[in-house]
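Below: one structure, written as structure tokens.
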Amino acid sequence: MLNLIITETALEQVPKNIHSHQTVVKHAARLGKKPGNTLLDRSYHHAAMIKLDYHEKRGRPDIAHRALLSALGTPLNRENLLRVFMHTVKEKVIYVNPRTRLPRSYSRFVGLIEQLLIEKEVPRKEPLLLRVEKKDLKTLINELKSQYIVALTRVGKPKTVEKIAESLVKHEDAVVIVGGFPQGRFSQHIIKAATDAFSIDRETLDTSVVISRIIYEYERVLGLPEKRLRENQKDI
Ligand SMILES: C[S@@+](CC[C@H](N)C(=O)[O-])C[C@H]1O[C@@H](n2cnc3c(N)ncnc32)[C@H](O)[C@@H]1O
């Protein structure tokens with residue numbers, strides 16, 4: 001089983017101190033929602049965001065959308081061998097049911113997350129697909145009780161994704177941490193929480209690319225592609 005934590009994800013409701021900013025009021029009115037019930041999004045709120053602390057790390061729900069689609073659509077997830085947790089910049093953790101079929105459309109994804117942050121669980125009827133709790137990363141990591149936690153960061157020790165996957169597979173319930181923010185580095189406490197920090201390329205890659213690669217190499221080490229193709233032959 002591989003646990004994937006997408007951390008410090010740039011996903012949050014518009015914070016109170018910019019509720020009355022013109023760009024926020026306009027966007028919320030267009031959606032017919034209160035500002036505090038909408039997601040902070042740099043595409044709409046850029047002018048208002050400049051006032052916010054560490055604003056360069058915030059307001060990019062599209063990264064969360066692409067990251068979740070990349071993880072949930074994989075054979076590893078379909079085999080029930082992946083658990084995905086989304087830790088946000090506001091110290092919340094979204095628990096993702098592996099059976100979740102996320103909306104492909106970005107605006108529908110935003111609507112779903114807005115509902116989740118208000119109601120704490122979606123959908124209203126079973127099966128529960130997404131649940132959110134106020135929780136910091138350290139508490140989440142302690143819950144997972146893993147002996148091996150890898151943080152992926154461009155400033156880590158250089159190592160190929162294949163070699164990282166080989167180490168992850170050796171540990172039951174290993175954890176891999178990938179940033180869900182647009183730019184900058186992990187906060188120091190995240191590196192401290194990890195057993196190892198590795199770089200997989202000389203450049204900073206998109207979160208969704210990093211996730212796809214680590215999951216694919218993990219599948220390859222497990223022999224999952226061959227196994228699934230063999231099973232396919234039996235079905236024919
Ligand atoms: C800083 S964010 C950048 C996101 C990007 N702007 C996007 O739209 O997806 C990407 C995350 O992917 C991982 N990552 C990116 N490049 C990497 C590299 N060369 N080696 C290891 N991890 C990397 C890190 O966890 C990093 O926090």
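Overview of results
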quantity	calculated
Relative contact order of the chain, defined on C-alpha pairs under 8 angstrom at six or more residues apart (%)	25
Leading residue at positive end of dipole, region 90-236 (Cβ point charges), from 117, 156, 103	117
Shape metrics for the chain, restricted to C-alpha atoms - Rg then Dmax, Å	18.4, 61
Cα-centred dipole magnitude for region 66-197, charges only on beta-carbon of K, R (+1) and D, E (-1), debye, nearest 20	300
Of 26/120; 57/90; 51/135, pairs whose Cα-Cα distance is over 20 Å	26/120; 51/135
DSSP beta bridge pairing in the chain, given as percent antiparallel to the nearest 5	40
Summed side-chain charge close to residue 169 - residues other than residue 169 whose Cβ falls under 12 Å, Lys, Arg +1, Asp, Glu -1	-3
Protection-proxy order for peptides 99-108, 8-17, each taking the mean of Cβ atoms within 10 Å per residue, highest first	8-17, 99-108
Volume per residue of the C-alpha convex hull in region 69-173, rounded to whole Å³	141
Residue among 75, 183, 52 farthest towards the positive dipole end of the chain, charges placed on Cβ	52
Calculated P(r) tail over 12 Å for region 55-95, as whole % of Cα pairs	65
Ranked 6, 141, 215, criterion: other C-beta atoms within 10 Å, fewest first	141, 215, 6
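Every number here is computed from the coordinates shown, using simple stated rules; none is lab data. Note that the structure is a prediction, hence the values are computed from the model and not measured. Ideal geometry is used to build each Cβ from the backbone, glycine not excepted, and the neighbour counts take in all protein chains shown.
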